[in-house]
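Everything below concerns the one structure shown next.
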Amino acid sequence: MKRKNHNNRQVELPNFCRLGVNLRIALTVEAALVAGVVARVPDVPAFWAEFIALSALAQPALLLTLLALCATGRWLRSQSYRLGVGFTLALGVTVPLLATLWLNPLLASSLPVPPAGVAVFALLVGAGLLAYFNLRARALSPAITEARLQALQARIRPHFLFNSLNAVLSLVRSDPRRAEHALENMADLFRALMGNASQLAPLEDEVALTRAYLELEQLRLGDRLQVVWHIKKMPGDALIPPLVIQPLVENAVYHGIEPQPEGGEISLNLYRSADKVHIVVRNPIATDVSHHKGNRIALANIRERLMLHFDLDAQLKLEPLGAVYQVHIVIPYTRERTQPAPARPHRR
């Protein structure tokens, strides 16, 4: 469950199954451990002896804590924010404490660790980490993120709008039904462009939006634009950031199809492999060097929003493969509606 602060920003616990979250927790614990040992020992040999002894206890305790947080993460985020924080801290103290009671007899030859000290250490580090993740969520919603999204939308509107309107006007008398359908596609597309880009959307909705866009482009390009869909293994219920596939396809049309008189083929392959969703878009590489190169606003925006939603668990790879250019996105398969911190409302 989420809570709103005075800036109307949604606050929620981090996803403890995410690689980026686990890595930050592990590095923070290790840094706190090093700082504590440095403050206690007088010389380097003593530092290494105590650090190794403490690590023999801290590493298993940390691993068990991360597993427990990941296993209960969905339930923790379903609670109110304050209650979720309380349960998270309780779990973050209880698991290391139990691990200490279990491992202390096994590590009798090394430095004994008092359970009370473990509890205080885990509580302080846990509280600091939750505060950090809260502040980080605020920092991940600066005005520049919204500005880049608006720049992307502004770039699409004039370039695509005028081309689509001209194509529709050419059909009004000759094929009014098709013109009406094209206008409906335009309405759907621009409704999505003007929508809230901070909410995750079902993959099947993004595919429908991309199909609407491609139908509009085919009015203009005709047989020059060939599209092949590979979506038999697509998990339609997977949640992804909105406006990820359509800008990739727009780039493919603009840079791969338009410059070539004979046109070409755009291939979209969407599938799930284990706990990952793969989105692969391929288009021919244009041989016309006079066709100006893009400023990569769309790709930079997509990369930034993937990081915003999925942190280190998301990948975006750009690969020229001979005569074909490929964009490959890999994101975690999730059906849980999470929301990054949206930017504060603009003052006008």
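The values are calculated or read from the model by the stated rules, or taken from the named source; none is laboratory data. All values reported here derive from a predicted model rather than from experimental measurement. A quick note on method: Cβ atoms are made from the backbone with ideal geometry, for glycine too, and the neighbour counts reach across all protein chains shown.
Every listed requirement among (1) of a type in the set (Val, Ile, Thr); (2) touching a helix residue (DSSP H, G or I) at 6+ places or on another chain (Cβ under 6 Å); (3) closer than 27 Å to residue 276 by Cα is met by residue 21 save one, (2).
Going through segment 273-301 one residue at a time, which ones are at pLDDT 85 or above and more than 18 Å from residue 19 (Cβ to Cβ)?
Correct list: 279, 280, 281, 282, 283, 284, 285.
When only residues in segment 304-335 that are free of Cβ contacts under 8 Å to residues at least 60 places away in the same chain and not in a strand (DSSP E or B) count, which is surrounded by the fewest Cβ atoms within 10 Å (Cβ to Cβ)?
322
Of the residues making up segment 28-57, those that are β-branched (Val, Ile, Thr) and either buried (at least 19 other Cβ atoms within 10 Å of the Cβ) or closer than 24 Å to residue 132 by Cβ (or both) are 28, 29, 34, 37, 38. Residue-level analysis places residue 83 among those that are at pLDDT 90 or above, over 25 Å from the mean Cα position of the chain (by Cα) and within 18 Å of residue 13 (Cα to Cα). The single condition among (1) more than 24 Å from the chain's Cα centre (by Cα); (2) modelled with pLDDT of 75 or more; (3) of a type outside the set (Gly, Ala, Ser); (4) buried (at least 19 other Cβ atoms within 10 Å of the Cβ) that residue 175 does not meet is (4).
Restricting to segment 307-322, and then to whatever is out of contact with any strand residue (DSSP E or B) (no Cβ under 6 Å at 6 or more places or on another chain) and under 25 Å from residue 23 (Cα atoms), can you tell me which residue is modelled with the highest pLDDT? The residue in question is 312.
Every listed requirement among (1) surrounded by 15 or more Cβ atoms within 10 Å (Cβ to Cβ); (2) free of Cβ contacts under 8 Å to residues at least 60 places away in the same chain; (3) within 12 Å of residue 126 (Cβ to Cβ) is met by residue 60 save one, (3).
Those helices (runs of 4 or more DSSP H) of segment 17-106 in which at least 1 residues are in contact with a strand residue (DSSP E or B) (Cβ under 7 Å, 6 or more places away or on another chain) and more than 14 Å from residue 118 (Cα to Cα), considering only elements entirely within it, cover 81-103.
Considering only residues that are among the small types (Gly, Ala, Ser), on the phi < 0 side of the Ramachandran plot and outside any strand (DSSP E or B), look in segment 225-279 and name the one that is surrounded by the most Cβ atoms within 10 Å (Cβ to Cβ). Among those that are among the small types (Gly, Ala, Ser), on the phi < 0 side of the Ramachandran plot and outside any strand (DSSP E or B), it is 252.
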